[in-house]
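No lab work stands behind these numbers, since they all come straight from the coordinates. Nothing here was measured: the structure is a model prediction, and the numbers come from that model. With ideal geometry, Cβ positions are generated from the backbone for all residues, glycine too; neighbour counts draw on all protein chains shown.
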2 protein chains.
Amino acid sequence: MVNILSLPLITGASKMKTVLASGSFDLVHYGHIRFLEEAKKSGGKDARLVVIVARDKTVEKLKGNKPVIPEDQRRAVVEALKPVDEALLGFENMSIIDVILQLKPDIIAIGHDQSYIEEEVKRIGIMIDLDFKIIHIGRFGPSDLNSSSKIRRKIVELEEQT
Amino acid sequence: MVNILSLPLITGASKMKTVLASGSFDLVHYGHIRFLEEAKKSGGKDARLVVIVARDKTVEKLKGNKPVIPEDQRRAVVEALKPVDEALLGFENMSIIDVILQLKPDIIAIGHDQSYIEEEVKRIGIMIDLDFKIIHIGRFGPSDLNSSSKIRRKIVELEEQT
C-alpha cells in the first residue's frame, strides 16, 4: 500500500528543480512573462523559479540610466507573476556568485539580451564545484516592445507626436 | 461520514464569489498589483477574479491617447498576475452592461481613478435585476508612480534630463 511517507522516496528520481532567472524588469511587458514562463518550464513539473531583480544602482551601471520604477516595486511586481515562486533583490556589486552559492540552482536561464550574465555565470561554473545547466531563452513579442528600453523610446516618440 | 459528494451542500453557505475589476493596465505597476490583490480579497476565500482589460480604442477615447502596449499583450500580462483568474478584452463601445450580464459578478471593484465606471455600473444596477456589491479600492504606492500616465510623464522627464 502506498503510504504518504513513502512518496518522497518513490518520486526521488524527479526531485524539485530550482531555476534561477534575473533581470531589471523595469516596465514589465509580455516578453518578460514569456521569458519567465519558459524559464520555469525548463525545470519540469514542480520546478521552483527564483528571480533576482537587479538593484537600482546595478541597472544604472549596466544600462547607463536609472530605472523608472524603484527596486522594491520592481521586485514586488515580479513576485506577483504566476510563474515566479520568489523574487529577491540582487547585490549592489553586480556579483552573481553569492546568489548561486546560496540558491544552488539546477538551471540558470539566460534571456536573449543577457550575454553579460552568461559570461559571468560560466566563469563562476569553473571557479566553484556546483553542477548547474545554462539554458538560453529566445526573444518574444514584436521587436519594438520586447524590452523596457524600447518601450521607453516608444513613449518618448508618442509624446513628441502630440 | 462526510462524503465528497456532500461537500457542495455543506459548504453551500459560502459559495465562490466572482469579483469583477477593470482597467487599461498599459504599463503594469505596483499600484495595479495591490488593486487586484484587494479586489480578489474582497470576495473572500476561493473568490474568482475576472478582469476586463480595456480595448485600444476604448483607452484612446477615455484618455485621449493610444496605449503604449497593444490590447492582446496588456491582456496576457494581466492574466499572468497571481490574483487574476481570467483576463478578458472589453467591448469597443465602452459598455460594461454586457460584461455584467454575462459574468453576473457578486462584487464589482472600483479603483481610485475609476469614478466613470462607478457611475455606469450604478446606472446598470438600476436597469437590470442583478444583485452586486460595489467596493472601492484606495490608492497605493508613491503618488508619482501609481498610474501609467504618471509613469509615461516620468519617462519623458528622464529623457529630457539626459
Rounded to two decimals, the Debye log10 I(q)/I(0) of the range A:30-162 (Cα scatterers, no solvent) at q = 0.15, 0.22 Å⁻¹ is -0.79, -1.67
If one puts a single equal scatterer on every Cα of the range A:51-92 and applies the Debye formula without solvent, what log₁₀ I(q)/I(0) results at q = 0.17, 0.20, 0.22, 0.27 Å⁻¹?
-0.42, -0.56, -0.66, -0.88
For residue B:82, counting only lysines whose alpha-carbon sits under 18 Å away and dropping same-chain residues fewer than eight positions off, the answer is A:40, A:41, A:82, B:17, B:40, B:41, B:45
So for A:75, B:153, fewest C-beta neighbours within 10 Å to most, what's the order?
B:153, A:75
Take residue A:116 and residue A:128, extend 7 Å from each Cα along the Cα→Cβ direction, and tell me the distance between the two endpoints in nm.
2.0
Would you please give the FRET efficiency between residue A:136 and residue B:156, computed as 1/(1 + (r/R0)^6) with r the Cβ-Cβ distance and R0 = 35 Å, to the nearest 0.05?
0.55
Given contacts defined as C-alpha pairs under 8 Å and at least six residues apart, what's the relative contact order of the range A:45-85, whole-number percent?
48
Residue A:108's amide H: which non-local residues (gap 5+, or another chain) put their own amide H closer than 5 Å, with H modeled 1.01 Å from N in plane and none for Pro or chain starts?
A:20, A:133, A:134, A:135
For the range B:53-136, the dipole about the Cα centre with charges only on Cβ (Lys and Arg +1, Asp and Glu -1), to the nearest 20 debye, works out at 240
Could you give the size of the charge dipole of chain A about its Cα centre, using +1 on the Cβ of each K and R and -1 on the Cβ of each D and E, expressed in debye and rounded to the nearest 20?
300
Efficiency by 1/(1 + (r/R0)^6): what FRET value for residue B:89 and residue A:66, r their Cβ-Cβ distance, R0 = 30 Å, to the nearest 0.05?
0.35
Inter-copy label distances at residue A:138 (7 Å, Cα→Cβ; nm, one decimal):
4.7
Here the correct list, in nm and shortest first, of distances from residue A:153 to the same site in the other copies, label points 7 Å along Cα→Cβ, is 2.6
